[in-house]
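Notes to accompany the following structure.
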């Protein structure tokens, strides 16, 4: 009986320690990638402001050609929503909404994931003139994990998980716009 009590106390101590560590662990993560496109910032912005165009360059939008898509509102304006529903678990179900636009400079999105997990995260794209006829494009993703789930951030590297997909998407965007 004493052994069971010691095992129980050890487990409680481990759980308490993990919960304590989670209190001091960041709840946020950020992933950012950049590319330079040899087109004017106006041309680049006028292309990326339409969420439907992400079907041409976003890795996630192309993972399941059979996913159902639904759109609400006017594309390229604040409030436009692009929703998806896929049977593939790594695509899942959710929606993306344009929540803010700084004309010619920045787009802000809210991503609402519904399946296989629920989460609400932010993403953004910026365009900055870079020399004659070139534009730097930044694609960023900001997420949060609530306490005590934020403890997983010690073991998960979102930069290496999401970064390559952002890189690929930006390279595909560059290829499309520089054609």
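Structure notes:
- Summary of the geometry: the stretch 103-179 and the stretch 33-58, compared by the centres of their Cα atoms, lie 13 Å apart.
- Inter-probe distance in nm under a simple model that places probes 7 Å from Cα toward Cβ, at residue 171 and residue 10: 4.8 nm
- Convex hull per residue volume in Å³, alpha carbons only, for the chain: 132 Å³
- Degrees, to the nearest 10: 2-23 long Cα axis against longest axis of the chain: 30 degrees
- Pairwise label distance in nanometres, residue 1 with residue 130, each label 7 Å out on the Cα-Cβ vector: 7.1 nm
- Peptides 145-151, 72-78 ranked from most to least packed give 145-151, 72-78, packing being the mean of other C-beta atoms within 10 angstrom over each peptide's residues.
- Estimated [θ] at 222 nm from DSSP helical runs (n ≥ 4, -39500 (n - 2.57)) normalised by residues in the chain, nearest 500: -10000 deg cm²/dmol
- Average silhouette area of the stretch 1-52, convex hull of alpha-carbon atoms, in square nanometres: 7.6 nm²
- Label positions at residue 160 and residue 71, each projected 7 Å from the Cα along the C-beta direction, are separated by 3.8 nm.
- Nearest-ten-degree value, helix 158-177 long axis tilted from longest Cα axis of the chain: 10 degrees
- Share antiparallel - DSSP beta bridges, the chain, percent rounded to 5: 100 percent
- Cβ-Cβ distance of residue 24 and residue 144, R₀ of 22 Å, FRET efficiency by 1/(1 + (r/R0)^6): the value works out to about 0.85.
Just so you know, all these numbers are worked out from the coordinates, no wet-lab data involved. This one's a predicted model, so the numbers in the text were calculated from it and none came from an experiment. Here the Cβ is made from the backbone with ideal geometry for all residues, glycine too, and neighbour counts use every protein chain on show.
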